[in-house]
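Engineer: Input: one structure, supplied below.
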Amino acid sequence: MNLPQPPIISIRNLTKTYAAGEQVLKGIDLDIKQGEILALLGPNGAGKTTLISTICGLVRPTTGTITVGGHDIVKDYRQTRKLVGLVPQELTLGAFDVVVDTVRFSRGLFGLPPDHARVDEILNDLSLLDKKDSIVTRLSGGMKRRVLIAKALAHEPKILFLDEPTAGVDVELRKEMWALVEKLRLSGVTIILTTHYIEEAEEIADRVGVISDGRLLVIDEKQNLMNSLGKKQLVVDLRSPIEQLPESLAGFDVELSEDGYRITYTFDTQGDRTGITTLLQAVNNAGLVLKDLNTSQSSLEDIFVNLVHSDNER
Amino acid sequence: MNVEAIKAIYFNEMRRTRKTLLQSIASPVISTVLYFVVFGSAIGSRIQSVDDVSYGLFIVPGLIMLSLLTQSISNASFGIFFLKFTGSIYEIMSAPVSFFEVVIGFVGAAATKSFIIGTIILATAGFFVELRIAHPFWMLFFLVTTCISFSLLGFIIGLWADNFEKLQLIPLLVITPLVFLGGSFYSVSMLPEFWQKVTLFNPVLYLISGFRWSFFEVSDVSVTVSLVMISVFLLTCLATVYFMFKTGYKLKQ
Ligand SMILES: Nc1ncnc2c1ncn2[C@@H]1O[C@H](COP(=O)(O)OP(=O)(O)O)[C@@H](O)[C@H]1O
Ligand SMILES: [Mg+2]
């Protein structure tokens with residue numbers, strides 16, 4: 001029998017109040033599964049970087065506990081930090097460092113003995129081998145990001161945090177980054193990334209957590225999230241306009257456009273019966289002639305806007 | 001203990017030093033030569049020997065201390081400050097290292113560099129005067145302890161400073177005057193009595209005096225007092241670093 005694996009990261013009732021300010025994390029509970037790609041999605045200032053920084057040891061939690069690989073991040077920081085690699089949001093690299101030196105440094109810093117062959121392998125995986133002897137500050141932004149990833153992977157961590165890996169990166173590089181994340185996942189690394197691009201979460205994550213104003217509003221499998229929160233719409237275009245909706249459609253969530261040419265039916269994708277057949281029959285019975293028929297599904301973006309919106313109204 | 005991490009930090013800092021080797025060694029050597037030309041030859045020939053030691057020889061320990069103190073502080077403070085400045089300190093803060101391992105790496109590297117510079121200055125001085133070292137062991141002891149203590153102080157300054165001005169403030173406004181007024185180029189007994197008393201509050205005096213004793217067996221204050229003072233200074237720096245570690249001072253929010 002396969003027992004369910006314990007979460008690789010477990011966060012309980014985490015709050016953070018910076019010395020100078022208000023509460024930035026307002027009670028986060030989160031379990032991260034081994035081997036998954038989790039996207040933390042939220043607008044700027046939501047607390048994503050603070051959350052990641054706390055798990056990695058850069059920020060002290062105000063209250064709450066975090067375990068990584070079953071160890072407490074404060075008491076057993078040596079064990080937990082060996083498991084974790086962090087790629088920060090900002091492109092922070094020392095000015096005079098040579099690529100290969102800075103990656104070897106990272107490996108040593110995390111307690112591993114030097115292994116030049118392994119470091120070269122990591123550089124190669126990131127297409128950095130030919131830049132091995134370059135000075136980091138002379139590299140392009142995309143290359144710098146890769147150096148930071150190489151540094152984070154230098155001690156072969158089980159968990160990788162990517163804080164806004166594609167912010168300010170052009171489309172091509174973004175695609176490359178996604179491919180890289182996929183490759184890492186195949187090697188068994190658990191990946192947590194933050195982003196404020198919905199398409200990014202939609203594209204690469206297994207699960208998506210939505211953070212707004214220091215709260216984790218929802219977290220679920222990407223597909224479930226879209227199913228439970230996503231609505232589908234059926235748009236019916238009519239050949240000739242009508243003044244008002246026929247009686248037979250009264251039981252449906254339908255709207256008539258102002259010009260009378262279009263009926264929009266909104267339904268949950270969750271339900272067993274979507275009601276489309278019944279609706280179309282009713283349309284037919286009312287003697288309306290169809291010109292066109294379309295369905296659309298709300299994107300994560302719509303879901304996100306909805307969530308954040310209703311959160312603000314609370 | 002994460003020995004690999006200490007090694008990584010130490011050698012990373014030493015590599016930085018190697019890259020700027022020429023300037024970090026050239027400048028103290030040049031200024032030493034200048035001091036010898038100006039104080040040792042031009043002025044020194046008109047000054048009588050101090051405590052039976054020719055003036056040129058007399059200033060050697062003070063000259064070494066002057067460079068040792070300024071170099072230790074600037075090396076150690078720049079190393080850690082620069083990491084904060086570029087933001088790359090995040091990596092050390094997320095690594096499985098204790099604060100003390102970080103301190104050993106940084107301070108060890110800065111102290112090593114100062115030690116090398118001190119030795120080079122001593123060798124340079126050998127070209128100008130005939131050196132005598134009465135107590136080589138104690139000479140080495142004062143040299144090493146000074147390198148470590150002031151590198152520690154530099155590390156503290158580097159952590160504390162949040163801009164370049166602050167980084168240079170203490171070396172410029174505090175250390176340099178203390179060294180000059182601490183008897184680097186004269187014996188305290190040459191001062192009027194009132195100023196002799198004031199000078200006793202200058203911690204650098206005890207360093208230079210003890211160091212000079214290890215060369216010529218002449219000193220302004222007793223060697224024991226010098227040893228006690230340098231130990232107190234070292235312990236104070238260690239305690240400060242420990243306090244910073246406990247509170248996550250200026251690093252962890
Ligand atoms: N060091 C700090 N001191 C005080 N407030 C901070 C600090 N870092 C972040 N904040 C505040 O915490 C909130 C969350 O920031 P952050 O975690 O960076 O959000 P995100 O990464 O989602 O954009 C913001 O309001 C920000 O101003
Ligand atoms: Mg952020």
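The values are calculated or read from the model by the stated rules, or taken from the named source; none is laboratory data. If you're wondering where the values come from, they're calculated on a predicted model, not measured in any experiment. For neighbour counting, all protein chains shown are included, and Cβ atoms are generated from backbone atoms with ideal geometry for every residue, glycine included. Surface accessibility is based on the protein's heavy atoms, side chains included, excluding ligands, DNA and RNA. Shrake-Rupley method; radii C 1.70, N 1.55, O 1.52, S 1.80 Å.
Engineer: How shielded is B:94-105 by partner chains, expressed as the average number of their Cβ atoms within 10 Å of its Cβ atoms?
Structural biologist: Working: counts 16, 14, 14, 6, 2, 0, 0, 2, 1, 0, 0, 2.
Mean shielding count: 5.
Engineer: Going 7 Å from the Cα of residue A:278 along its beta-carbon direction, which residues of region A:234-259 have the amide nitrogen within less than 18 Å of the resulting point?
Structural biologist: A:234-235, A:246-255
Engineer: A further question on this structure: Run down the lysines and flag those whose C-alpha is under 22 Å from the C-alpha of residue A:222, throwing out any fewer than 8 positions away in its chain.
Structural biologist: Leaving aside lysines fewer than 8 places away in the same chain, those within reach of residue A:222 are A:33, A:48, A:175, A:183, A:231, A:232.
Engineer: Would you mind checking the tilt of helix B:21-35 against the longest principal axis of the Cα atoms of chain B, expressed as 0 to 90 degrees and rounded to 10?
Structural biologist: Roughly 20 degrees, rounded to the nearest 10.
Engineer: Suppose R0 equals 51 Å. What FRET efficiency, 1/(1 + (r/R0)^6) with r the Cβ-Cβ distance, do residue A:186 and residue A:291 give to the nearest 0.05?
Structural biologist: Working: r = 48 Å, r/R0 = 0.94.
After rounding, the FRET efficiency stands at 0.60.
Engineer: Collect residues whose amide H, placed 1.01 Å from N in the peptide plane, falls under 5 Å from the amide H of residue A:254; neighbours closer than 5 in sequence don't count.
Structural biologist: The list, which skips near neighbours in sequence, is empty: none.
Engineer: Between residue A:235 and residue B:164, how high is the FRET efficiency from 1/(1 + (r/R0)^6) when r is the Cβ-Cβ distance and R₀ = 45 Å? Nearest 0.05. Spell out each step's value before the answer.
Structural biologist: Numbers: r = 62 Å, r/R0 = 1.39.
Efficiency, from the Cβ-Cβ distance: 0.10.
Engineer: Residue by residue, what Karplus-based ³J(HN,Hα) values in Hz, rounded to whole numbers, does region B:233-241 have, using 6.51, -1.76 and 1.60 with θ = phi - 60° and x for Gly and Pro?
Structural biologist: 4, 4, 5, 4, 5, 4, 5, 4, 4
Engineer: Per residue of A:92-104, what is the mean number of Cβ atoms on other protein chains within 10 angstrom of that residue's Cβ?
Structural biologist: On the way: counts 8, 4, 10, 4, 5, 5, 2, 0, 0, 4, 3, 0, 3.
Averaged over the peptide's residues, the number is 4.
Engineer: Counting only other chains, and only Cβ atoms inside 10 Å, what mean value do you get across the residues of B:3-13? Please list the in-between numbers first.
Structural biologist: Values: counts 3, 9, 6, 2, 4, 10, 3, 1, 5, 9, 0.
Going residue by residue through B:3-13 and averaging, the value is 5.
Engineer: Residue B:191 to residue B:18: extension gain in nm, 0.36 nm per residue of separation minus the Cα-Cα distance? Intermediate values should be presented prior to the final figure.
Structural biologist: Values: separation 173, 0.36 × 173 = 62.28 nm, distance 4.18 nm.
So the extension gain works out to 58.1 nm.
Engineer: Further question on the same structure: Roughly how many Å² is the accessible area per residue of chain A, as a whole number, for a 1.4 Å probe?
Structural biologist: Details: 15460 Å² over 314 residues.
With the other protein chains kept in place, chain A gives 49 Å² per residue.
Engineer: How big is the antiparallel share of DSSP beta bridges in the protein assembly as shown, given as a percent to the nearest 5?
Structural biologist: Working: 39 of 57 bridges.
The antiparallel proportion sits near 70 percent.
Engineer: Moving on to the next point. For the ranges A:259-267, A:208-216, what's the packing order if you count other beta-carbon atoms within 10 Å of each residue, average per peptide, and put the highest first?
Structural biologist: Details: A:259-267: 16.2, A:208-216: 22.1.
Answer by packing, highest mean first, reads A:208-216, A:259-267.
Engineer: To the nearest 0.05, what FRET efficiency results for residue A:247 and residue A:13 with a Förster distance of 51 Å applied to their C-beta separation?
Structural biologist: On the way: r = 53 Å, r/R0 = 1.05.
Once the sixth-power term is evaluated, E becomes 0.45.
Engineer: What's the longest uninterrupted piece of chain B once you rule out the chymotrypsin sites (Phe, Trp or Tyr not before Pro) that are loop residues per DSSP with at most 11 other Cβ within 10 Å?
Structural biologist: On the way: sites that count: B:127, B:201.
Maximal segment without exposed cleavage sites: B:1-126.
Engineer: For chain A, find the longest principal axis of its Cα atoms and tell me its angle to the long axis of helix A:99-109, 0 to 90°, nearest 10.
Structural biologist: 80
Engineer: Rounded to the nearest 100 Å², what is the buried accessible area between B and A, both sides summed, probe 1.4 Å? Could the numbers behind the result be given before it?
Structural biologist: Numbers: alone 12750 and 16730 Å², together 26880 Å².
Roughly 2600 Å² of accessible surface disappears when B and A pair.
Engineer: Looking at region B:81-175, which GluC sites (Glu not before Pro) are DSSP coil and have at most 15 other C-beta atoms within 10 Å of their C-beta? Please report the intermediate quantities before stating the final value.
Structural biologist: On the way: sites: B:91, B:101, B:130, B:165; in loops: B:130.
Here the GluC sites (Glu not before Pro) that fit, given the DSSP loop and packing criteria, are B:130.
Engineer: For chain A, what proportion of DSSP beta bridges, expressed in % and rounded to the nearest 5, is antiparallel?
Structural biologist: Details: 38 of 56 bridges.
Beta bridges within chain A, antiparallel portion: roughly 70 percent.
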